Amino acid sequence: LDKAGLQATADAFGDDAVLTPYEPGRGLPLFIQPNTAKLYEDTAAALAWLAEKRPMLDRLLLTAGAIVLRGFPIERSVHFARFADSYAPFEPGYVAGTVGRDVIVDQVMSVNTLPPGLLMDIHQEMAYLPRHPKRIAFYCRMPPVSGGATMICDMREATARIDPVLFREVEKRGIRHVRNFAAPSRDPVHPLLAQYRRTWVDTFKTDDPAVAEAACRAVGFETRWCDDGSLETINHIPGIVTHPHTGEQVWFNQVAAIALSARSNPEMSKVMAEIAKHVTRPSFVSTYGDGGEIPLELLEPINPMLRELAVTFSWSHGDIMLIDNYLVGHGRMPFTGKRDIQVVLLDE
Ligand SMILES: O=C(O)CCC(=O)C(=O)O
Ligand SMILES: [Fe+2]
C-alpha cells in the first residue's frame, strides 16, 4: 500500500477512523480503528458505518490483502454475523472442507480446532476446491493468553518465491486431488483421526450415500465407493489462479500443507504414522492434474518459506480480520489456554 493511496483513503475516512499499516513488515495487515466516541461505543452505529464504507474497505483490501478492524464495539458473535451480512456469503458453505466446524450463529463458524500445541501451516481457505471463498473474515471473541496468533502471509510475495519449475508444471498440468472419506462405523484410533480423517457422514451431513454423492457432484467431485465402505472423491483445480479484480496470477492450492504439514509438528508425525497403520487408504493425496507425482523436494521449501514471510500480531477481543483469500494466506501459532476465534466464508 503506497503512501499516496493510504493518504487518499485516510482523507476519505476523515476524522472517523485511523489507518495504521502494521509494523514491522510491509504494512500487512492494515489496522483501522474508530476515532469517534460513537463508533467506539455504539455497535449499531459502527456496523452501519462499516457497511457504508464497504466500497472503500474493498479497495483497501485489494492492495493491503488483509484489514484488521480493531476497537469497534463488535462485542458478540451476532455482531460479527451482522458485519458479514454486508458481504455475499460463500453460498456452498463449508461443504467438503477438511475439518469439522461448528455453526455458532448464522454464517459464523468455529475455526479449525487443531490441538493448541500444534502449529497450523499457512494456507488459503478451501483452495483444494474448484469453488472457494474469495474472502474470509475472522473474529476474536476471546484472545488466547499466550500464543495463538493467526499468522498471515503475503501470497504475492510467496508466489514470486515458488520454485519456477514447480510453478510451470502446475500451470501446465494443474492439480488433482484424491480424497478418501472413512466409513462411519470406523472407530477413531486417535482424537486427531476424527478431525483429519473425517467420515463421509460427518463431511456431507447425511447417512444416505445418494445424498452424499449428489453433494460431491455439486462441488465438482467424481465419486467411487470403496469395498470398506469409504468414499473416494477425485477433483481437479488449476493450482494457480488469476485474481478476479487485479488480474495477478497467484499460487492457490494447499499441496505443500497437505503433503507435509505433519513435518511442522513432530507430535502430528507420530499420529500420522499411527493412523497409517490402521487405514489402508490415505485421506488426501495431491498429484499433478495428469496423476503424475509432484516431487516432494519441490514442495519441501514451501511451508518454511510461507512461515518466514508470515506476520503475526496479538488478537484483541472484538477484532475482525478481513482477508482476500487469494492475496493472503493464513495459519495459526500454537497457544495455551482458551482461545475463541470465529470465521465466516465470504464471496463478493
Ligand atoms: O485459528 C486460526 O487462527 C485459523 C484457523 C483456520 O485456518 C481456519 O479455521 O480456517
Ligand atoms: Fe483456514
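Numerical summary
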{"quantity": "Two-decimal log10 I(q)/I(0) for the chain, as the Debye equation yields it once each C-alpha is a single scatterer, q = 0.10, 0.15 Å⁻¹", "calculated": "-0.62, -1.37"}
{"quantity": "Calculated on alpha-carbon atoms, Rg and Dmax of the range 115-261 in Å", "calculated": "17.6, 47"}
{"quantity": "Å² of accessible area per residue within the chain, as computed with a 1.4 Å probe and no ligands counted", "calculated": "43"}
{"quantity": "Solvent accessible area, Å² - Val78, 1.4 Å probe, full protein context", "calculated": "50"}
{"quantity": "Inter-label distance, nm, simple model (7 Å from Cα along the C-beta direction), Asp202/His236", "calculated": "3.1"}
{"quantity": "Largest-first ordering by accessible area, 1.4 Å probe, given options Glu297, Glu274", "calculated": "Glu297, Glu274"}
{"quantity": "Structure-based [θ]222 nm, the chain - -39500 (n - 2.57) summed over DSSP H runs of at least 4, per residue, nearest 500", "calculated": "-9500 deg cm²/dmol"}
{"quantity": "Accessible surface of the chain, 1.4 Å probe, proportion on carbon and sulfur as whole %", "calculated": "54"}
{"quantity": "Thr9, Thr336, reordered so the largest accessible area comes first (probe 1.4 Å)", "calculated": "Thr336, Thr9"}
{"quantity": "Heavy-atom SASA rank of Lys53, Lys3, Lys277 (probe 1.4 Å, accessible area, largest first)", "calculated": "Lys3, Lys277, Lys53"}
{"quantity": "Built amide H within the under 5 Å cut-off of Phe284, gap 5+", "calculated": "Asn180"}
{"quantity": "Cα-based reach from Lys53 at 17 Å (exclusive), listing lysines while leaving out same-chain residues under 8 positions away", "calculated": "Lys38"}
{"quantity": "Debye, to nearest 20: dipole size of the range 276-321, +1 on Lys, Arg Cβ, -1 on Asp, Glu Cβ", "calculated": "280"}
{"quantity": "Cβ charges +1 (Lys, Arg) and -1 (Asp, Glu), total dipole of the chain, debye", "calculated": "380"}
{"quantity": "Linear extension gain, Asp85 paired with Ser316, 0.36 nm per residue minus alpha-carbon span", "calculated": "80.9 nm"}
{"quantity": "Distance (nanometres) between label positions extended 7 Å along Cα→Cβ at Ala48 and Ala183", "calculated": "5.9"}
{"quantity": "Top positive-direction residue, dipole computed over the chain with Cβ charges, set Thr9, Thr20, Tyr139", "calculated": "Tyr139"}
{"quantity": "Using alpha carbons only: equivalent-ellipsoid semi-axes of the range 8-133, gyration tensor based, whole Å", "calculated": "28, 18, 15"}
{"quantity": "Inter-probe distance in nm under a simple model that places probes 7 Å from Cα toward Cβ, at Glu248 and Leu260", "calculated": "2.2"}
{"quantity": "Accessible area (Å², 1.4 Å probe, nearest 10) - Arg263", "calculated": "140"}
{"quantity": "Cα-based equivalent ellipsoid of the range 178-285: semi-axis lengths in Å, sorted from largest, via gyration tensor", "calculated": "26, 22, 10"}
{"quantity": "Estimated Rh, the range 6-61: Kirkwood, alpha-carbon pairs, angstrom", "calculated": "11.9"}
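The values are calculated or read from the model by the stated rules, or taken from the named source; none is laboratory data. Note that the structure is a prediction, hence the values are computed from the model and not measured. Here Cβ is always computed from backbone atoms with ideal geometry, including for glycine, and neighbour counts include all displayed protein chains. For accessibility, only protein heavy atoms count, side chains too; no ligands or nucleic acids. Shrake-Rupley method; radii C 1.70, N 1.55, O 1.52, S 1.80 Å.
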